[in-house]
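Chemist: Pasting in a structure now, in structure tokens, and then I'll have a few things to ask.
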């Protein structure tokens, strides 16, 4: 029941690498910034039905887009930020805010999820190129400890978490 109540309350959704909702974790790619940028621009400029580009700035890595309303919904403002994370990997985060005064019944979260799935598809991204930031932090911390001569318990690769793959 809380999902329904959340849909009545919230009219926006934003990504966060540690979100409890796997649809809202954004993406960390082992893919060039330019490739993610070009694919995102193409998706916003008609690559997804109902989406249109408002403005882009490749220097700041920000794309502003607008999703046209359906028969019973309002416009949704989208902001996509593409940047390099602290490890030099391409990070894609976004937010969606519905122009309705009430909750949007999860539409903003669904739009974020749909965009990220389409972006994965356009980039040909899969388990070898979509990285889990939490696992990447752990791996690099462990490698740093090894370099400093401290013992470690075992290394795991920074691929996607099992939760993020099984949608």
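The values are calculated or read from the model by the stated rules, or taken from the named source; none is laboratory data. It should be emphasised that the depicted structure is a prediction, and the values quoted were computed from it without experimental measurement. Every residue, glycine as well, gets a Cβ built from its backbone with ideal geometry; the counts of neighbours run over all protein chains shown.
Chemist: Could you tell me which numbered condition residue 63 fails, if it satisfies all but one of (1) within 14 Å of the chain's Cα centre (by Cα); (2) surrounded by fewer than 18 Cβ atoms within 10 Å (Cβ to Cβ)?
Modeler: Failed condition: (2).
Chemist: Restricting to the range 1-17, and then to whatever is assigned to a loop (DSSP other than H, G, I, E, B) and modelled with pLDDT under 90, can you tell me which residue is farthest from residue 128 (Cα to Cα)?
Modeler: Among residues in the range 1-17 that are assigned to a loop (DSSP other than H, G, I, E, B) and modelled with pLDDT under 90, the one farthest from residue 128 (Cα to Cα) is 1.
Chemist: Criterion first (surrounded by fewer than 19 Cβ atoms within 10 Å (Cβ to Cβ) and either touching a helix residue (DSSP H, G or I) at 6+ places or on another chain (Cβ under 8 Å) or under 18 Å from residue 23 (Cβ atoms) (or both)) does residue 74 satisfy it?
Modeler: no
Chemist: Could you grab the pairs with beta carbons closer than 6 Å, sequence gap of 6+ or different chains, first residue in the range 105-120 and surrounded by fewer than 19 Cβ atoms within 10 Å (Cβ to Cβ), second one at pLDDT 95 or above and outside any loop (DSSP other than H, G, I, E, B)?
Modeler: Listed pairs, sorted by first residue: 118/43.
Chemist: Select from the range 24-41 the residues that are assigned to a helix (DSSP H, G or I), out of contact with any strand residue (DSSP E or B) (no Cβ under 7 Å at 6 or more places or on another chain) and either buried (at least 18 other Cβ atoms within 10 Å of the Cβ) or free of Cβ contacts under 8 Å to residues at least 40 places away in the same chain (or both) and list them in ascending order.
Modeler: 34, 38, 39
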